[in-house]
Amino acid sequence: MRFRFNRSILAAALALAAAPAFAQDTFSQTIFFGDSLTDSGFYQPVLVAQFGPQAGVAARFTTNPGLVWAEFLADYYGTNATPAWQLTPTGIVGAPGDNFAAGGATVEPGPGYPATPPTFFAPSLTDQVNAYLAGSGGQADPDALYSVWGGANDLFFFLGGATTQEQFLAAAGDQVALVGALEGAGARYVLVPTLPDVGLTPFGLSQGAAGSAALTQLSAGYNATLFGGLQAAGLRVIPLDVFDFLHEISADPGTYGFTDVTTPACGAAASLGCNPANFVSPDAAFSHAFADGVHPTTAAHKLLADYAISVLEAPAQMAVLPHAEAMVGRSRADRIGYHVGDKPAADGSRWWTDLRGDFQRYGDGDKYDGAGPTLTFGMDWASGNLVYGGFAGYGRQGTDWGKQRGNFDQTDTSLGGFVGWYGDNAWVNGQVSYSRLGFDIDRDLQLGPATRTHHGSTNGRNISAGINAGWNFTSGAWKHGPVASLLSQHIRVDDFREDNPTQSTSLAYPEQTFNSLIGSVGWQASYRINSQLQPYARVTWDREFERSPEEVFAQMQALPGTMPYAVPGAEADRSYATIVLGARTQVFGLDANVGVSTTAAQRDGNDATVFATLGSRF
């Protein structure tokens, strides 16, 4: 059988392979460059041509027909990880996928490892990146997630004596250059996994204690060169600490569902072509961590994808914190702004207390779902048409991210002041407040059958100022008229670090700020049934004038030399309606106001508040 690496065919075919995929909520595409650890079927056509159709299900370097981590990751984001090109008996041809990885690929151009067919013809990571950029007109999709993972085959060429150690480490510098080329073309989200600890693989362990330790040192040296080069070049990447992650699995395999992390699931067979007929036991694809001497089983690939997803999703989880406070702050401001019902009947003092429950639910609870009570106490003084006073409150919210991703508790301790003018028809009031925030956070990670929890805590503040105004038309027992408001909130959540900082999954988060400015216009109406009962309703159309951050950030603690990385932020609904239904009445001789408020016309969520206010003159 004759193989031919035809670069002209390659370049022409890549125009199709580099075409943008359907845009998803988080990433528009997932585009992969790499070697056998990422390859999702580059050799399938040539294997089928040589061994028949049955070989098509055994074209990955794992326990076939299982998937590799790239496919699990793309499935999570609803994107594509099928091959972008494939090797055929006549050369390499393009395919309608986004995975350029090929088993045996080195970083720089040259033969693949081992340098025999079919891996001899593996396009290098440099060839892969160049082909993608050629097919995309030199522009990288800024909303796509890219993965650049290499170095293992450069290590094997060095171990075989074909290159020097200097050349092996230079491949890490070449990988830095590839990341630079992608980011120079417009890429913003580039995932860079570390080289695994080859010393912990069945191949590495077979070299004896000294040989295994030497392979561990070489792997660590490559990673230090790679991430040191990225930092020196000022290239922001999303790191994936596969080196330490493998250590964690090997130290406690049972937690992750493995009974064997030292011998291959495929026995003496190579992973490319390995299928259930080669398994050392029927469940070997799930009980073993390695398919052959160096390649993971499909269960280990799933673990790796779970790890990558946790790193990609964590910053957006933490971005919920200021948004959750913005809702609590708005509910507080609404209760303060409307706690005075009308023009004071007489001068004097009045106390009041308000108990409310705030509820938040987004993405059917899959994004986050929270609820909790707040108690506010205030004093008002009336003089003519003027009412002024102060208030203090304390609230606690419990919020769940859903999908077994953890939860956080939030506390608000608030102090503020209020002043209003109430005429026969017109009214206007204003308020300012300061809230001290506290967050107690548990982030859960699903790693195969295991749940790992990272804890963190931090503080913050919310400085708010608001104004409300309206006009009342009176017709008998009816009173109605327009209302308008403007609420500004400056919310800050302090930076914090999760516990167990040496674990591969532990992250740190920089300070977050969110400046919210909500304007509302609408109409309210009330009907006085008698001196003790006055039901009312208010409907407003609300607009958030500030945008959520375009990107959100985190930093990997186990790789202290890495810079904070970014992932896309999530834009919350900025236009919606709010409906309030309530009644002012008398309870045990006290003035009372009970009701419910809920948002409507939101695409992906709902906020609601139930409240009860009691007060009296003294």
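The values are calculated or read from the model by the stated rules, or taken from the named source; none is laboratory data. From a predicted model like this one, the values you see are computed outputs, not experimental measurements. So basically every Cβ, Gly included, is an ideal-geometry build from the backbone, and we count neighbours across all protein chains shown. Each accessible area value is taken on the protein alone, full model and side chains, heavy atoms only, with ligands, DNA and RNA left out. Shrake-Rupley method; radii C 1.70, N 1.55, O 1.52, S 1.80 Å.
Remarks
- Of all residues making up segment 239-256, the number that are more than 24 Å from the chain's Cα centre (by Cα) and either under 20 Å from Leu37 (Cβ atoms) or assigned to a helix (DSSP H, G or I) (or both): 6
- Residue pairs whose Cβ atoms lie under 6 Å apart, sitting 6 or more positions apart in sequence or on different chains, and linking a residue in segment 563-578 that is closer than 19 Å to Ile518 by Cβ to a partner that is aromatic (Phe, Trp, Tyr) and surrounded by fewer than 20 Cβ atoms within 10 Å (Cβ to Cβ), are Ala577/Trp541.
- The residues listed here are Leu205, Leu272, Leu246, Leu304; of these, the one that is at pLDDT 95 or above and closer than 30 Å to Pro142 by Cα is Leu304.
- Filtering Thr297, Thr255 for residues that are over 30 Å from Arg188 (Cα atoms), at pLDDT 95 or above and open to solvent by less than 10 Å² (accessible area, probe 1.4 Å) leaves a single hit, Thr297.
- Filtering segment 355-372 for residues that are modelled with pLDDT of 95 or more, open to solvent by 40 Å² or more (accessible area, probe 1.4 Å) and outside any strand (DSSP E or B) leaves an empty set.
- Set side by side, the residues Val57, Val107 differ, and just one is modelled with pLDDT under 95 and among the hydrophobic types (A, V, I, L, M, F, W, C), which is Val57.
- In segment 196-210, the residue that is nearest to Leu182 (Cα to Cα) out of those that are in a helix (DSSP H, G or I) and open to solvent by less than 20 Å² (accessible area, probe 1.4 Å) is Val198.
- For segment 434-466, a residue qualifies if it is among the hydrophobic types (A, V, I, L, M, F, W, C) and touching a residue at least 60 places away in the same chain (Cβ under 8 Å), and the qualifying residues are Leu437, Phe439, Ile441, Leu445, Leu447, Ala450.
- Residue list for segment 173-194, filter: within 16 Å of Leu218 (Cα to Cα) and surrounded by fewer than 24 Cβ atoms within 10 Å (Cβ to Cβ): Gly173
- Candidates Thr90, Thr106, Thr126 - the one that is of a type outside the set (Gly, Ala, Ser) and touching a Phe, Trp or Tyr at 6+ places or on another chain (Cβ under 7 Å): Thr106
- Test: residue in segment 221-228 that is among the hydrophobic types (A, V, I, L, M, F, W, C), within 29 Å of the chain's Cα centre (by Cα) and buried (at least 16 other Cβ atoms within 10 Å of the Cβ): yes
- Test result for Phe42, touching a residue at least 24 places away in the same chain (Cβ under 8 Å), among the hydrophobic types (A, V, I, L, M, F, W, C), open to solvent by less than 20 Å² (accessible area, probe 1.4 Å) and in a loop (DSSP other than H, G, I, E, B): yes
- Test: Ala213 is of a type in the set (A, V, I, L, M, F, W, C) and open to solvent by 30 Å² or more (accessible area, probe 1.4 Å): yes
- Whichever residue in segment 521-559 is of a type in the set (Asp, Glu) and open to solvent by less than 30 Å² (accessible area, probe 1.4 Å) and, among such residues, is farthest from Arg492 (Cα to Cα): Asp542
- If you go through segment 45-88 and keep only what is part of a strand (DSSP E or B), in contact with a strand residue (DSSP E or B) (Cβ under 8 Å, 6 or more places away or on another chain) and either open to solvent by 10 Å² or more (accessible area, probe 1.4 Å) or without any contact (Cβ under 8 Å) to a residue 60 or more places away in the chain (or both), you end up with Pro83, Gln86.
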